[in-house]
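**Student:** First the structure, which I've put down as structure tokens, then a few questions once you've had a look.
Computed from the coordinates by the stated procedures, all read-outs in this text should not be read as laboratory data. Predicted, not measured: the structure shown is a model, and the values here were computed from it. Quick reminder, even Gly has a Cβ in these numbers, built from the backbone with ideal geometry, and neighbours come from all protein chains shown.
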Amino acid sequence: MADSNTPKPSSSVKLVLLGEAAVGKSSLVLRFVNNDFQENKEPTIGAAFLTQKCNLPTRTIKFEIWDTAGQERFASLAPMYYRNAQAALVVYDLTKPTSLIKAKHWVAELQRQASPGIVIALVGNKLDLTSDGAGSGGDADGAGAEDSGDARKVTTEEAKTYAEEEGLLFFETSAKTGYNVTEVFTAIANAIPETSLKTARGPGASHTAGRTEEQRVNLNGPRDPNAKEGCAC
Amino acid sequence: MARQAEAETNDDGASKVTSPSPSPPPPPLPPRRKPSGEGPAQVAPAQAKPTTAVSSIDISTLSFPDGSRGTFSTNAAQAVSAPAASGYVTPVGDLADSMSIMSFAPTLRPHGDLASLVAGGLNRKSRAWNMLRSQSETVQPFESIELGALGDLAGFEREFDEIPDNTADDIRLAIWKSKMKHYMILSSAGKPIYSRHGDLSLVNSYMGIIQTIISFYEGANNPLLGFTAGNARFVIAIEGPLYFVAISRLGESDAQLRSQLEALYMQILSTLTLPTLKNIFAHRPSTDLRKPLEGTESLLSSLADSFTKGSPSTLLGALECLRLRKSQRLAINNIFLKSRSEKLLYGLIVAGGKLVSVIRPRKHSLHPSDLQLIFNMLFESGSIKSGGGESWVPLCLPAFNNRGYLYMYVSFFDGRTDAAFVGEAAQQSPESSHDSTSENNSERASNNVEDEEEIAIILISPDKESFYDLKEMRDKLAAQLTKSGHLSLIRSAAREGRPKIQTVAPGAQISHFLYKSRANVQFCMSSVEPASAAQTAAAAPEPSGPEKLLTHRRLMTLYHELHASMHAKYAHLKVLHAVSEDAASLAWITPIFEFYCVAGPNVSRAAMAQGANRIIQWAKREEERLFIIGGGVF
Ligand SMILES: Nc1nc2c(ncn2[C@@H]2O[C@H](COP(=O)(O)OP(=O)(O)OP(=O)(O)O)[C@@H](O)[C@H]2O)c(=O)[nH]1
Ligand SMILES: [Mg+2]
């Protein structure tokens, strides 16, 4: 078990997921935390709080994840969750163009209102519904890909260009197949500046300190063998 | 044979039906309804005079040997509840005896008639009785009904199936029409808001018709409350700008259907709050409410389905608690109180949908209708359970305050995601899957192992920033409960399930009961045993899902009929005994309790009365274990 290793420096990172309803935020978290997927997941009400460890070569990051509800009526509560967050995952559904517009709104709001150093990742989810599927990560294949069961409506190019302009991490994922999911979280963990780890702990983070760190490790199933990176959770 | 002898010697047993020794009513406690309660769970108050003694005199005052049924309001619902299987005549049906068994031929079972069952001649041995006697008394309720000959409930096992999207409209409409229960919500301007079955495009035109009918009566200042069409009863409730419609072929009374509609309205208020709802329609009467209600649909549907399956909690307007020793409950309350956060308004521990412990401020109690909404959200719908981890949910508890939101912290112990329970998890069976779709079809009242073991801590605060405070409280509480061993106590009590009749009253010929403590607004019930296994203890195979669903619904239909008769407007009933072709049932209301039970069709009235008496004495004895009396107050 991973936790039996000699302890590495460990720190908590508060992470928030934002995005339109039904883009797959909860599914991404479920995949990351329990390596599981549910075909008909019910909408989140309010927000869910979960934790998951991510082992990097030099340190351990304990994510404190806020999975928020995408429905409009909960939008006013969002500041409570992204305040003090060191990382944000802004999710859209790459089969639904409006969800990218919504994602851009979230990015703008985070840049205006959240902590200045926040690490933001833009994530296009449901890659399994496109013809490039969970394959090589998909090059932009233009707008003509409507046929042959390809439901992609947002090209990789478009989202990637936007992400670069705004200085965001960018991934296309499938919570269903697990493709690229761990990678998103590992990339975020790596992108958090060492300095911010020393100081920036959310006001509530200390409250959870009493819980044993290894709880998650024992209780989760084996990792998806496809997961390449080092999140030993 | 022994059983029969026992029954004989107790032939006048009804006169021995005395209430448990009178005692001062327990102190008023949470959670309780407002006396004037407008809660969805409201039921007509029992018409009993304030006495705790039910003597034979009480019973004889209820006799209507001349069949004076006119006294009773003939409830419109009776047309619906009359079973379709006409032409059936019981063997005793044509005995011209003043015993009213005659009136129980299944073709005649309106609520008023049930009353005459308690008819006089308690000591008389009628030919009818003798005939009944000669039959086996061990026949279980509903045993005579074979699957495939479902009568009223034909097709009920498909009641909760989705209407497929990809078939022709006429087929979809036919499926839609085959549903036994519909709930619809529309705005007074005629905009559809919610329908349990069929997407709104399918039912749009029906909504239009309903709106036209309701508006017509509204315009005439004579609001339409309900009507019957064919074998379906329509009940309408108007709440401000919203119309609620229930359509039922399951035979509930208007009052019962109305309280179900009330619960749906409470769910809408819980999402929006009353001022918001009013505002929306004040500004634009033609607003489409579906957008602001987004995500509430699944909560409305799980509420609706629990009514359709039959919810004792809703029927009785009461809560069910986990049975625990008094000292254990007290210890849990104290641990709970000790870990209390300043930010806390209400704290609840719930196991398998049953209340374990409550703490609350002295000046506030919890209302069953609010708890019903919370329990529905947590245990019936998948939205929170399937999220994993901890949840932070804004919601309005309308009976507490319909003008603002509270914030609810929820954490499930499932032995998997919590360090405090790693030790316990080792002894757990493999974890249940969080498959929310199969949960939709699972039966609420069943002793489902997965459901029984779900333990949740619910902490409610008016402060939306208090998540971390409440989380800290929960961690403290969880650690303490684990350390003191109370958590495993709760878990094993939950696993034990509901009390079995044979433990409560060994040898009693009763198959199932509901007991409501009126002062505590709480109830308890026995576990539902597979019909054939009950008394013979024969190890019958577990009934399959649909069969369980049907058994439960039949039982609940019977209870709804009994309840409706007891609470009918002009029925001053205290005791009611009814026999139908497939079951005998008994209801008994005093100022202390409401009691309902069911037995096989051939069990004598005396035997039932005797069994009932023993169960009630047990409930009296066990009162402080079965019910939360007071809870932790701060
Ligand atoms: N094919 C496919 N479906 C997915 C994927 N991720 C999520 N879904 C499905 O999309 C639906 C919505 O997923 P959720 O995870 O509940 O979406 P959400 O963003 O959390 O939604 P809200 O909680 O309402 O904000 C569910 O039916 C999921 O099964 C994916 O990668 N591929
Ligand atoms: Mg979600």
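**Student:** May I ask for the Kirkwood hydrodynamic radius of region B:161-269, worked out over all distinct Cα pairs and given in angstroms to one decimal?
**Tutor:** That comes to 14.3 Å for region B:161-269.
**Student:** Right, next: For a label point 7 Å from the Cα of B:His283 along Cα→C-beta, name the residues of region B:238-256 whose backbone N is under 20 Å from it.
**Tutor:** The answer is B:240-242.
**Student:** Using the 10 angstrom Cβ neighbour count as an exposure proxy, how do B:Phe307, A:Phe185 rank, fewest first?
**Tutor:** In order of increasing Cβ crowding within 10 Å: B:Phe307, A:Phe185.
**Student:** Still on this model: Among B:Met473, B:Met180, what is the fewest-to-most ranking by other Cβ atoms within 10 Å? List each step's numbers first, then the result.
**Tutor:** Numbers: B:Met473 24, B:Met180 20.
If I rank by nearby Cβ atoms, fewest first, I get B:Met180, B:Met473.
**Student:** Next up: Between A:Ala191 and B:Ser492, with labels modelled 7 Å along Cα→Cβ, what's the label distance in nm to one decimal, could you check?
**Tutor:** Placing both labels 7 Å beyond Cα along the Cβ direction yields 5.2 nm.
**Student:** Per the Kirkwood treatment, what hydrodynamic radius in Å, one decimal, follows for region B:249-387 from the mean inverse distance over all distinct Cα pairs?
**Tutor:** Values: mean 1/r = 0.0580 Å⁻¹.
Every distinct Cα pair counted, the radius reaches 17.2 Å.
**Student:** Of the options B:Ser369, B:Leu324, B:Ser298, report the single residue whose Cα projects farthest towards the positive end of the charge dipole of region B:280-406 (beta-carbon charges: Lys, Arg +1; Asp, Glu -1).
**Tutor:** B:Leu324
**Student:** With r defined as the distance between the Cβ atoms of B:Glu624 and B:Arg403 and R0 fixed at 35 Å, what FRET efficiency is calculated, to the nearest 0.05? Walk me through the numbers before you get to the answer.
**Tutor:** Values: r = 36 Å, r/R0 = 1.04.
After rounding, the FRET efficiency stands at 0.45.
**Student:** If you place +1 on the Cβ of every Lys and Arg, -1 on the Cβ of every Asp and Glu, and leave all else neutral, what size is the dipole of region A:56-99 about its Cα centre, to the nearest 20 Debye?
**Tutor:** The calculated dipole for region A:56-99 is roughly 140 debye.
**Student:** Under a plain spin-label model, where a point goes 7 Å from the Cα along Cα-to-Cβ, how far apart in nm are A:Lys8 and A:Ala151?
**Tutor:** 3.7 nm
**Student:** Oh, and also: Using the C-alpha atoms of region B:570-634, what convex hull volume per residue, in cubic angstrom, is computed?
**Tutor:** Dividing the Cα hull volume of region B:570-634 by its residues yields 118 Å³.
**Student:** Once you charge only the Cβ atoms, +1 for Lys and Arg and -1 for Asp and Glu, what is the size of the charge dipole of region A:1-120 about its Cα centre, to the nearest 20 debye?
**Tutor:** 380 debye
**Student:** What net charge do the residues around A:Glu165 carry, taking every other residue with its C-beta under 13 Å from that of A:Glu165, with Lys and Arg at +1 and Asp and Glu at -1? Please list the in-between numbers first.
**Tutor:** Numbers: positive: A:Lys104, A:Lys160; negative: A:Glu157, A:Glu158, A:Glu164, A:Glu166.
Net charge in that neighbourhood comes out at -2.
**Student:** Modelled label-to-label distance, B:Gln502 and B:Ser178, 7 Å Cα→beta-carbon offset: nm?
**Tutor:** According to this spin-label approximation, the distance is 3.8 nm.
**Student:** If you average over every viewing direction, what projected area does the convex hull of the Cα atoms of region B:215-295 give, in nm²?
**Tutor:** Value for region B:215-295: 6.3 nm².
**Student:** May I ask you to sort B:Leu459, B:Leu549, A:Leu56 by Cβ crowding, counting other Cβ atoms within 10 Å and putting the fewest first?
**Tutor:** A:Leu56, B:Leu549, B:Leu459
**Student:** Roughly what % of Cα-Cα distances in region B:196-330 sit above 19 Å, to the whole percent?
**Tutor:** So the pairs more than 19 Å apart make up 60 percent of the total in region B:196-330.
**Student:** Multiply the residue separation of B:Arg362 and B:Leu225 by 0.36 nm, subtract the distance between their alpha-carbon atoms, and state the gained length in nm to one decimal. Walk me through the numbers before you get to the answer.
**Tutor:** Working: separation 137, 0.36 × 137 = 49.32 nm, distance 3.92 nm.
Between B:Arg362 and B:Leu225, full extension yields an extra 45.4 nm.
**Student:** Counting only other chains, what is the mean number of Cβ atoms within 10 angstrom of the Cβ of each residue in peptide A:45-58?
**Tutor:** Average per residue, whole number: 5.
**Student:** With no solvent and one point on each alpha carbon, what is the Debye value of log10 I(q)/I(0) for region A:1-131 at q = 0.09, 0.11, 0.17, 0.22 Å⁻¹?
**Tutor:** -0.27, -0.40, -0.91, -1.36
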